[in-house]
Amino acid sequence: MHTPPPPATKGLDPASLTAALHRLTEWSNTYLGSLESRSVRTNMAPGDTLDRLPEHPPQVGTTLADWITQLDDAIVPNLVHWQSPNFFAYFPCSASMPAIAGELVSSVLNVNAMLWSTSPAATELEMRMLDWCAEMFGLPAHFRFDSPSSIGGGCIQSTASEGVLASLLSARRSQTKRGRDRSKITLYTSTQAHSSVVKAAMVAGLADTPEDDSRVRLIGTDGSLRMDVERLRAAIQCDLDNGLAPALVVATVGTTATGAIDPIEQIGTMLDSFGEHRPKLHIDAAWAGAACVCPEHQPILAGIEHADMLCINPHKWLLTNFDCDLYWVRDRAALVDSMSITPEYLRNDASESGAVIDYRDWHVPLGRRMRALKLWFVIQHFGIEGLQAHIRHHITLAEKFESWVVDHLALQLATGRSLALVCFKMPTNEQTKALVDAVNASGEVMISPSIVEISGERTAIARVAIGATSVDHEHIDNLCAVVDRAARSVVE
Ligand code: PLP
């Protein structure tokens, strides 16, 4: 359908908006419906998309039909199809109708919720969503706005990486407020933690490079790839003895490589023994935390009452389109204190009264999207029971794949299954790497590789993360067939 380009001054003309939404709804359903039959990833070469895009912007506006043609010609062929039910790589980004609807409404409203006063409902909806999620996940009262004794609360960050950076800035400020020298601040996490922790240290000026360990301690792990509590204690004590200022420990619930779950209870109890020198504790449950919507999985967060900060990403495994990282803090004033700066043009009576939350002080950016809308729609659409069914279904599928691996003569589990993540390997590292390459070269499914230390050996593993919204039994059967074919080709 060729609609004439709207004059630039009529960018929100109702007729063209209706036509565009109608046409794009059709396009979306066609695209999503095509995913089963598409290769999950194409063999893209650098520059392919650039070659297909016009080199210069159009002098006059073009039509929706033109944009869709270019979308189909230049963009879609050069994508990895993250919404494919055959996508098992990394941690998938689960999407859903209510989340897409929420994104749409958020785009239509297009408010900037930087201050409470710049859109009160956006801030208060976000506060309520964080409290709803705290309730669903069984989190302690100190993370909630609606608990009388709480001085904490939560916000939506764009990503878990931003959450851990906020925690580091807040923990550093708590130290400097107590007179500790900023140049002495130290950070602790395990060798299995996500790279975003070290990146936060680089951004905050604790490390110049990823290898700079002058103020970042990567703590070794036990046989299950969980942070070793005794080594953590010793590292903190050693730094204190040397006049450093341990500020933050980042523990992971569901590591990226294998889904290992650090022992928060023991870490928290050990940290308490440092009394006034206790560093703060941030829990990164970016992927696995979503499982806590099911009461039977809440024990993965056992000990969470010790945590000062926590993040969980519904954009990974809770049917909420990217981006949506839930970030809770025990002490919101400590966080705000690390980032608040108020030029005259942001002053307003509501903020001055101290009675409102101004989320601009909870992260680096000033402006912020109304991300809570999509989460609100998701929770309303599925209800707690629908979200539980989604998580349980994926775990059932992971169990199915796990048993298939166990029975396969050429494959072994690399680590125990963690929720919906299954890590497996072949007898040698070369074979495992070749297996992953062969599986991905097929285009039929996509999985991802990693390397972890198992029994003192650097071991190549293949990761299958079940999390795509529409994945079902037939996709696991197909995955098994593709992995079986690849394994046979490797041993031949
Ligand atoms: N933490 C863990 C455990 C992850 O697995 C990931 C990404 O996969 C991240 C943090 C980073 O997530 P984000 O992309 O939200 O920054």
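Conditions (1) modelled with pLDDT of 95 or more; (2) open to solvent by 50 Å² or more (accessible area, probe 1.4 Å); (3) closer than 24 Å to G386 by Cα, marked per residue:
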residue: H56; (1), (2), (3): yes, yes, no
residue: T63; (1), (2), (3): no, no, no
residue: A74; (1), (2), (3): no, no, no
residue: F88; (1), (2), (3): yes, no, yes
residue: P98; (1), (2), (3): yes, no, yes
**Prompt:** Of all residues in the range 72-95, how many are under 27 Å from the mean Cα position of the chain (by Cα), away from the ligand (no atom under 16 Å from the Cβ) and either over 19 Å from N321 (Cα atoms) or of a type in the set (S, T, N, Q) (or both)?
**Reply:** 6
**Complete:** Note on L225: of the conditions (1) farther than 30 Å from A460 by Cα; (2) touching a Ser or Thr at 6+ places or on another chain (Cβ under 8 Å), unmet is (1)
**All positions within the range 409-451 that are in a loop (DSSP other than H, G, I, E, B) and touching a helix residue (DSSP H, G or I) at 6+ places or on another chain (Cβ under 7 Å)** = A410, L411, R417, L419, A420, M426, S442, E444, V445, I447
**Yes/no for A121 being free of Cβ contacts under 8 Å to residues at least 12 places away in the same chain and either crowded, with 20+ Cβ neighbours inside 10 Å or outside any loop (DSSP other than H, G, I, E, B) (or both)** = yes
**Prompt:** What are the residues in the range 307-318 that are open to solvent by 10 Å² or more (accessible area, probe 1.4 Å) and within 15 Å of the ligand (Cβ to nearest atom), if any?
**Reply:** K316
**Message:** Take the residues in the range 1-36 that are of a type in the set (A, V, I, L, M) and over 29 Å from Q83 (Cα atoms); name whichever of them is modelled with the lowest pLDDT.
**Reply:** A8
**Message:** Just the residues that are aliphatic (A, V, I, L, M) and buried (at least 24 other Cβ atoms within 10 Å of the Cβ), please, taken from the range 272-306.
**Reply:** L281, I283, A285, A286, A288, A290, A291, V293, L301, I304
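Okay, residues lined up against (1) in contact with a Gly (Cβ under 7 Å, 6 or more places away or on another chain); (2) within 24 Å of K184 (Cβ to Cβ); (3) not assigned by TED's automatic domain parsing to the domain that holds C311:
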{"residue": "P263", "(1), (2), (3)": "no, no, no"}
{"residue": "E276", "(1), (2), (3)": "no, yes, no"}
{"residue": "L281", "(1), (2), (3)": "yes, yes, no"}
{"residue": "C292", "(1), (2), (3)": "yes, no, no"}
**Item:** Qualifying positions in the range 361-398 - open to solvent by 20 Å² or more (accessible area, probe 1.4 Å) and over 26 Å from P98 (Cα atoms)
**Value:** V364, P365, L366
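Here is a yes/no grid of residues against (1) outside the structural domain of N313 (by TED's automatic domain parsing); (2) more than 16 Å from the ligand (Cβ to nearest atom); (3) modelled with pLDDT of 95 or more; (4) surrounded by 24 or more Cβ atoms within 10 Å (Cβ to Cβ):
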position: G153; (1), (2), (3), (4): no, yes, yes, yes
position: L165; (1), (2), (3), (4): no, no, yes, no
position: L168; (1), (2), (3), (4): no, no, yes, yes
position: R173; (1), (2), (3), (4): no, yes, yes, no
position: T189; (1), (2), (3), (4): no, no, yes, yes
position: S196; (1), (2), (3), (4): no, no, yes, no
position: D212; (1), (2), (3), (4): no, yes, yes, no
position: D222; (1), (2), (3), (4): no, yes, no, no
position: D228; (1), (2), (3), (4): no, yes, yes, no
**Prompt:** If we scan the range 250-262, do we find a residue that is away from the ligand (no atom under 16 Å from the Cβ) and touching a residue at least 40 places away in the same chain (Cβ under 8 Å)?
**Reply:** no
**Item:** Residues satisfying the stated conditions in the range 148-192, i.e. charged (D, E, K, R) and either on the phi > 0 side of the Ramachandran plot or in contact with a helix residue (DSSP H, G or I) (Cβ under 6 Å, 6 or more places away or on another chain) (or both)
**Value:** R173, R182
**Message:** Exactly one condition in (1) in contact (Cβ under 8 Å) with a residue 24 or more places away in the chain; (2) within 28 Å of L187 (Cα to Cα); (3) away from the ligand (no atom under 16 Å from the Cβ) is false for A141; which is it?
**Reply:** (1)
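Conditions (1) in contact (Cβ under 8 Å) with a residue 60 or more places away in the chain; (2) within 15 Å of the ligand (Cβ to nearest atom); (3) of a type in the set (S, T, N, Q); (4) part of a helix (DSSP H, G or I), marked per residue:
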residue: L271; (1), (2), (3), (4): no, no, no, yes
residue: E276; (1), (2), (3), (4): no, no, no, yes
residue: T320; (1), (2), (3), (4): yes, yes, yes, no
residue: V364; (1), (2), (3), (4): yes, yes, no, no
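The values are calculated or read from the model by the stated rules, or taken from the named source; none is laboratory data. Note that the structure is a prediction, hence the values are computed from the model and not measured. In this analysis, Cβ positions are derived from the backbone assuming ideal geometry, glycine residues included, and neighbour counts consider all displayed protein chains. Heavy atoms of the whole protein, side chains included, go into the accessibility calculation; ligands, DNA and RNA do not. Shrake-Rupley method; radii C 1.70, N 1.55, O 1.52, S 1.80 Å.
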